[in-house]
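Where a number appears in this text, it was derived from the coordinates with a stated rule and is not lab data. Model, not experiment: these values are computed from the prediction. Quick reminder, even Gly has a Cβ in these numbers, built from the backbone with ideal geometry, and neighbours come from all protein chains shown.
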Amino acid sequence: MSLLEPFRDLPVKTFETTWRSPANIAFVKYWGKKGHQIPANPSLSLTLKECVTQTKTTFTPSENLEVELFLGGDRKDAFGVKIKNYLHSLEAELPFIKNLHVKIDTSNTFPHGAGIASSASGLSAFALCFTDYLHAQSGQTDESLFFKRASFLSRLASGSACRSVYGGFVTWGESELADSTDEYAHPFEVHPELKYLRDSVLVISAEEKNVSSRAGHDRMKEHAFAQARFVQAKQNFTDTVVALKMGDMDRVGEILENEALSLHAMMMTSPESFTLLRPNTLAAIEMVRTFRRETNLPLYFTLDAGPNLHLIYPEVFRSKIQTFIQHELTPFVVRVIDDERGEGPVKC
């Protein structure tokens, strides 16, 4: 049975709710789709704590589906259209949607559209609000099923958003792990020594990127290296799962950097090639490599689909590594977001 079947004939009522949902940083990337929002390979991510989106959503009855969206207090019609199209795509299973008026007030603690997974936090926050509406109108109280549905609905809006519904390490996509599926994400337990990793986000540029992640995924369809990339990602997923369970930070870091550079290599060699890296991104990467070589400390980098660098390291080395960041890397950035493992979304 579909996860949405119990809500097919819901009455349309007024309801207001607010959720705060985090971004996540993928250790093993998902880049390329098959079918409707189905990943071409499994992915694995760490949910963050400080990079979050807070979204208040008000649902009211209406003759037609209408969506108003405000980001940081400013009306954003283009974003509103995206949410409206997303809700339209659910009408076959949830016919009552055509009689909803949806008002969304949302804000981020970090730059939007700059490659720090604002779509993951923003769309998961809205999906959580919508799931809250469904459960409130139907009287359902099963918490585990609530988050499974929220992850499912998040995935239909933005693939990586399905991972933001859970805290800590999260996997998504069919794999050798038990109960894995392409439909929604699962939390994943790791070795105690790697449970509390930090992520210092070097904001190299806060400007909105010129090629969206959705467009980048589409270009994988005709990419000459797509199949090789999917094979690589599946192997990296398997190896990362093993390394995280064993507490092998060096192996995790090695794959982390390989995944980041492979992702951007796909962009630079895709049909209609594009580059999201900036000169300061490359300069910071070289300084991180030099620091690691000279100190033997487990500091590793990764990137999402943007120019901004995520520096991943165990909590125990926080003081020394943050001193390095402050003294050596701040000339290359506009801002540093000191982040860490988060425990997932919260209802406000």
(message) What distance in nm separates the two pseudo spin-label positions at S2 and K347, each 7 Å out from Cα along the beta-carbon direction?
(response) 2.5
(request) Starting from the amide H of L69, placed 1.01 Å from N in the peptide plane, find each other amide H under 5 Å away whose residue is 5 or more places distant or on another chain. (result) K76, G80, I104
(request) Calculate, in nm to one decimal, what E176 and A265 gain on full extension: separation in residues at 0.36 nm each, minus their alpha carbon distance. (result) 29.4 nm
(request) With springs only between Cα atoms under 10 Å apart, run a GNM on the chain and tell me which of T131, T323, T181 wobbles the most. (result) T323
(request) Rounded to whole Hz and in sequence order, give me ³J(HN,Hα) for segment 327-337 from the Karplus expression 6.51 cos²θ - 1.76 cosθ + 1.60, θ = phi - 60°, writing x for Gly and Pro. (result) 7, 10, 9, 4, x, 9, 10, 9, 5, 10, 9
(message) If each residue of separation counts as 0.36 nm, what is the full-extension length gain between F15 and E66 once their alpha-carbon separation is subtracted?
(response) 16.8 nm
(message) Please compute the length gained on full extension between Q227 and N85, using 0.36 nm multiplied by the number of residues separating them and subtracting their Cα-Cα distance.
(response) 48.1 nm
(request) Give me the distance between the Cα centres of segment 326-348 and segment 1-79, rounded to whole Å. (result) 23
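Once you sort the root eigenvalues of the Cα gyration tensor of segment 193-340 as a ≥ b ≥ c, which label holds: rounded (a/c under 1.5), prolate (a/b larger than b/c) or oblate (the other case)? Walk me through the intermediate numbers first.
On the way: a/c = 2.24, a/b = 1.28, b/c = 1.75.
Here segment 193-340 falls in the oblate category.
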(request) Enumerate the aspartates and glutamates that K209 could reach by cross-link, defined here as Cα to Cα under 18 Å, with residues fewer than 8 away along the same chain left out. (result) D218, E272, D304
(message) Angle check, please: helix 77-88 long axis (alpha carbons) against the longest principal axis of the chain (alpha carbons), in degrees 0 to 90, nearest 10.
(response) 60
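Count the net charge of all other residues whose Cβ sits under 12 Å from the Cβ of R8, scoring Lys and Arg as +1 and Asp and Glu as -1. Walk me through the numbers before you get to the answer.
Working: positive: none; negative: E5, D9, E91, E93.
Neighbour charge sum, excluding R8 itself: -4.
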(message) With angles folded into 0 to 90 degrees, how steeply does helix 279-295 sit against the dominant principal axis of the chain? Use alpha carbons for both and round to 10.
(response) 60
(request) Just list whichever of K98/K221; K34/K234; K29/K245; K234/K320; K56/K76 have alpha carbons separated by over 22 Å in the model shown. (result) K98/K221; K234/K320
(request) Using only Cα atoms, tell me the angle between helix 118-138 and the longest principal axis of the chain; keep it within 0 to 90° and round to the nearest 10. (result) 30
(request) With θ set to phi - 60°, apply the Karplus curve 6.51 cos²θ - 1.76 cosθ + 1.60 along segment 190-200 and write out the HN-Hα couplings as whole Hz, x wherever there is a Gly or Pro. (result) 10, 4, x, 5, 10, 5, 10, 7, 9, 9, 8
